[in-house]
Amino acid sequence: MVSVSMTVNGKAVSAKIDPRTLLVQFLRENLLLTGTHVGCDTSQCGACVVHVDGLAVKSCTTLAVACDGSTVTTIEGLAHDGALHPMQEAFREHHGLQCGFCTPGMIMTAVDLVNRKGHTLDEHTIREELEGNICRCTGYHNIVKSVAAGAQAMAGHK
Amino acid sequence: MYAFAYHRPGTVRQAQSALHKHEDSKLLAGGQTLIPTMKQRLASPSALIDLGHVAGLAGIEKKGRNIVIGAMTRHADVASSAVVQEHLPALADLAAHIGDPAVRHRGTIGGSLANNDPSADYPAAALALGATIITNKRKIAADDYFQGMFTTALEEGEIITKVSFPMPSKAAYAKFPNPASRYAMVGVFVAKKGSDVRVAVTGASNDGVFRAAPLEAALHTKFNAKSLEGVSVDHTSFISDIHGSADYRGNLVTVMAKRAVLKAQGK
Ligand SMILES: Cc1cc2nc3c(=O)[nH]c(=O)nc-3n(C[C@H](O)[C@H](O)[C@H](O)COP(=O)(O)OP(=O)(O)OC[C@H]3O[C@@H](n4cnc5c(N)ncnc54)[C@H](O)[C@@H]3O)c2cc1C
Ligand code: FES
Ligand code: FES
């Protein structure tokens, strides 16, 4: 067992874990933050995307112990005081989800994209950037619309 | 995943002695290849030596006529580096198209070169640019470094610390990504330095990355996409799989080489 400490959604957490523990397992099983999903478990689908030190990563392909000392944000960390984050609101408004399984990863990827590339995003950029996120329901069209609208809305946020 | 012990050295020397001390241990860089492989139980190291906290392994600098990139530098940082964009834009472009954003945030140049996947992108750049792979023990010329798929000149316990890329006068990478995995079906890196032209091909061969001598000769005569008309490489040892036959990949090599030349000329 090894000990890890990190800040998850603004809260300091520490635990003793098996070094094999993936970040996604640590989040879901130790911290009971089940908003982060496991779709493929083979690094392809992006359902497990969270932010580690401000950058989108696949939490099924990251060891929890490698995140010792890091700051992690999950989908649960986006809403504040009962108000959805603008990107979440945009997905609701533009029907960017059907079953919702891919949605936490899509939203975390989208927020990371806006952080890196700003608020005005063309369709091509959004589609390229969603390369690592798979959705089996929507056909992506409304996800792309949601991301563009969410990116704009984030400009007035914070 | 099988159980393993976890070690977090702070220096290259400590990493080296940890590797030495723990039999069947492996270095962990970005984990974007190693962790999926361990999850599938295709690798079962007794211990992981995490390079994530080793001082001085990440970073990019221009040293004379070379761009020197630390082994732990993430793909995203190479892609967005102002130094690389200015002096070696072909490499920034290559890094920007590896996998997806999340993979680029963790995957490293050292991990990619150590792994030498036959479809990986960085090996093509290293070979075409005539890079030098710098380890804790020695310097290895790219021409001697790549030795077939998943095989390199690295010895037991050897750690890549840096990669030095000489700056070319013209260079570009053209990749035909597999639509599902985004790895290269064929990727061609073309580099011109003075009158010397080097062309490296990834994704195509069962022997991993290689230099395409017929294409180099044609481009040496005249650095122009037209020079490649009707020129092809021997594709008898090429990969044939559900994604494409050896013939198909053979044809793609010339097509991608032409695109790379046009891109290098800013067309
Ligand atoms: C979904 C997905 C898509 C991808 N698409 C692409 C793509 O399009 N093109 C592409 O090129 N790659 C792609 N990759 C692979 C990615 O680039 C990996 O990051 C890279 O191949 C390995 O780098 P890493 O830092 O993650 O290394 P790790 O996975 O941590 O390590 C890989 C191997 O290298 C060894 N190693 C690591 N660092 C060193 C070092 N400094 N010295 C000696 N040995 C070392 C490790 O022991 C291990 O054996 C993809 C990966 C995923 C998951
Ligand atoms: S569960 Fe992590 S990428 Fe699919
Ligand atoms: S909404 Fe069902 S997988 Fe995307």
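Tabulated results
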| item | result |
| --- | --- |
| Residue check for A:T103: of a type in the set (S, T, Y) and within 13 Å of the chain's Cα centre (by Cα) | yes |
| Meets criteria (more than 10 Å from chain B (Cβ to nearest Cβ), within 14 Å of ligand 3 (Cβ to nearest atom), free of Cβ contacts under 8 Å to residues at least 60 places away in the same chain and not in a loop (DSSP other than H, G, I, E, B)) for A:F26 | no |
| Exclusive hit being at pLDDT 95 or above, within 16 Å of ligand 3 (Cβ to nearest atom) and of a type in the set (D, E), set A:E76, A:E93 | A:E93 |
| Conditions (1) outside the structural domain of B:V233 (by TED's automatic domain parsing); (2) in contact with a Phe, Trp or Tyr (Cβ under 9 Å, 6 or more places away or on another chain); number of the one not met by B:E156 | (2) |
| Hits in the range B:176-213 (condition: outside any strand (DSSP E or B), surrounded by fewer than 24 Cβ atoms within 10 Å (Cβ to Cβ) and away from ligand 1 (no atom under 16 Å from the Cβ)) | B:G194, B:S195, B:N206, B:D207, B:A213 |
| Top-ranked residue in the range B:1-21 [being within 12 Å of chain A (Cβ to nearest Cβ) and surrounded by fewer than 14 Cβ atoms within 10 Å (Cβ to Cβ); ranked as farthest from A:I17 (Cα to Cα)] | B:Y2 |
| Residue under evaluation B:L28, criteria (1) modelled with pLDDT under 95; (2) touching an Asp or Glu at 6+ places or on another chain (Cβ under 7 Å), criterion not met | (1) |
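The values are calculated or read from the model by the stated rules, or taken from the named source; none is laboratory data. As the structure is a computational prediction, the values presented were derived from the model and not from experiment. In this analysis, Cβ positions are derived from the backbone assuming ideal geometry, glycine residues included, and neighbour counts consider all displayed protein chains.
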